[in-house]
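Okay, so here's the structure we're looking at.
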Amino acid sequence: MALRMTRREAYNRGKAAGGKASRGELWLKMADSCMDWARRSYPPSAELDYKKELIELEKARMAADLDLTKFPECRGLREIVEAEHRGFLEACNEPWMMAYEFNWYWFISRRLNTRFVATQTPKGHCTHVWINHGEEGVVQGNNLDDIRRPFMKLMLKPPKEGPKGDPIKRVLQVGGVSAAVLCDEEPKDIFPVNVHEILPEDIDTVREVVKFLERYREFFGPGNQIWADPKLDSVAIEKSNCRMGVRWAKNGASAITALSYLTPEMNAFKKERDVMSVKARGWDLEDNADTIVWAGAERRYHRLLKLTDEEARRGASLWGVANIVLDRDAPPPERISVAGERSHPMEWEVNWTLVSTASVTFGPTRRTLMWILDADGNRPIFEGKPYLALGKGVKMREEWKRGTRMED
């Protein structure tokens, strides 16, 4: 199988990203903010020089074995990865920045989560809903949840254009949220492999992609994902560092939220590791912030699937999906939209829904509703009105403006 990227293309991509990072105020702010968050979140790691650790991890991953008999799709990949990393480094001339760019997420999930017990579960709830048979075709919605950062204004911007509407030609990941396990396992396969870029083009059903992802399960995640194929079938993947659960679509719909797994084997594994992490911190097994949040996340997941199934059965409208991601009709952390509430007195950081979207993805009426959290205030996102962005070539209809900022 031929890889879809040449070494020259990989080098140029890395060089462009490295140049942007070296000149980008937001890149450095985000890197500093994430490292500061990690130092406070994982106190046993506080004495580590994160930049040095990332450089060492970069070296280890780049030198790692890649079994081409087990992973034949990776033939020629090493040279492509090396070219991209080299391009980034040449553009920014900072080894730690290159190491951060390609390894920070891996460092959190495969080193801090496995070797250093966090004070609390990493933040970031997030939600994604996909329904393949709405009134206007495929309709989907999502929430981006995170802690509030000082430079949010640089990150949160109204959409310029709605969905492109390009047809799905092969299996694609259409949604993803964070989900991780404290005291998780560490993978044996650590070479940098992007499963999206080596996915064979002849894989065109979600059934086939599940088999592929199962074989490559140590290279991607953790997190919960939705994949869809050209026939618009979908599947939810629940992923720790090394394990994977599968939940097939129900009534043409898939939905995921963060900090929880519902497939039985993943649910059992997480709860076993949750108890291990609570004991390691010397906490009361029931009265602690993480146990309360985890239980709430599981209830939120069940609530999300119930709301999604009900909407799918009704035929799924754009505003129907919007009402799922804007859900406020349950106590936190069970409800879908979050607004800075503390679930337990020990909780020192809280989540906000920063962005909510609902979209008609394909066809002549494709458009997106987007709610953005007020960066200066404390008003929950579900109390505001959304922006409305049309797909290219779509003509505005007056009825679409109702309930949006265009109405005003």
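Read the figures in this text as sums done on the coordinates, not as results from a lab. Every value quoted in this text rests on a predicted model; they were computed, and no experiment measured them. Every residue, glycine as well, gets a Cβ built from its backbone with ideal geometry; the counts of neighbours run over all protein chains shown.
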In a Gaussian network model of the chain with springs linking alpha carbons closer than 10 Å, the residue among E349, E101, E47 that fluctuates most is E47
Spread of Cα-to-Cα distances over 5 Å intervals beginning at zero, given as percent, for segment 7-115: 2, 12, 19, 21, 19, 14, 9, 4, 0
Taking K395 as the anchor, which aspartates and glutamates have their alpha carbon closer than 16 Å to its alpha carbon, excluding any fewer than eight residues away along the same chain? E136, E161
Distance violations [Cα-Cα > 24 Å] among K52/K188; K231/K401; K239/K392; K15/K59; K271/K306; K188/K279: K231/K401; K239/K392; K188/K279
If you look at just the Cα atoms of segment 322-408, how large are its Rg and its Dmax in Å? 15.4, 51
Just to be sure I understand the model, the point goes 7 Å from the Cα along the line to the Cβ. What's the resulting L68 to D204 distance in nm? 2.9 nm
Label-point separation (nm) for K52 and K401, each offset 7 Å from Cα along Cα-to-Cβ? 6.2 nm
How do the peptides 242-255, 135-148, 306-319 rank, highest first, by the average count of neighbouring beta carbon atoms within 10 Å per residue? 135-148, 242-255, 306-319
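Pulled fully out, how much extra length does the chain show between K279 and L28, if you take 0.36 nm times their separation in residues and subtract their Cα-Cα distance?
Contour length minus Cα-Cα distance gives 86.8 nm.
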Out of S277, A389, L373, whose Cα points farthest toward the positive end of the dipole of segment 269-397 (charges: +1 Lys, Arg; -1 Asp, Glu; placed on Cβ)? A389
Please identify, among P364, P380, P222, the residue showing maximal mean-square fluctuation in a Gaussian network model of the chain using a 10 angstrom Cα cutoff. P364
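Can you tell me how much longer the chain between A330 and E286 gets when fully stretched, taken as 0.36 nm per residue apart minus their C-alpha distance, in nm with one decimal? Present the calculation step by step, with values, prior to reporting the outcome.
Working: separation 44, 0.36 × 44 = 15.84 nm, distance 2.17 nm.
In short, 13.7 nm is gained.
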Residues M346 and E90, FRET efficiency given R0 of 51 Å [Cβ-Cβ distance, rounded to 0.05]: 0.65
At 0.36 nm per residue, and after removing the present C-alpha to C-alpha distance, how many nm does the segment from F212 to T263 gain when stretched out fully? 16.5 nm
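Once every DSSP H run of n ≥ 4 in the chain is given -39500 (n - 2.57) and the sum is divided by its residues, what mean residue ellipticity at 222 nm do you get, rounded to the nearest 500 deg cm²/dmol?
When only DSSP H runs of four or more count, the value is -11500 deg cm²/dmol.
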At q = 0.09, 0.10, 0.13, 0.19 Å⁻¹, what log₁₀ I(q)/I(0) does a Debye calculation on the Cα points of segment 148-284 give, no solvent, two decimals? -0.34, -0.42, -0.68, -1.14
Lys, Arg +1 and Asp, Glu -1 on Cβ, resulting dipole of segment 210-298 about Cα centre, debye, nearest 20: 380 debye
So what is Rg over Rh here for the chain, counting just Cα atoms and using Kirkwood for Rh? 0.95
Work out from phi, with θ = phi - 60° and the Karplus expression 6.51 cos²θ - 1.76 cosθ + 1.60, the ³J(HN,Hα) of each residue of segment 216-232, listed in order in whole Hz, and give x for Gly and Pro. 9, 5, 7, 8, 10, x, x, x, 9, 9, 10, 10, 9, 10, x, 7, 6
Computed over the chain: relative contact order in percent, which uses C-alpha pairs under 8 Å that are six or more apart: 18 percent
R0 of 41 Å, Cβ-Cβ distance D166-D408: FRET efficiency to nearest 0.05: 0.80
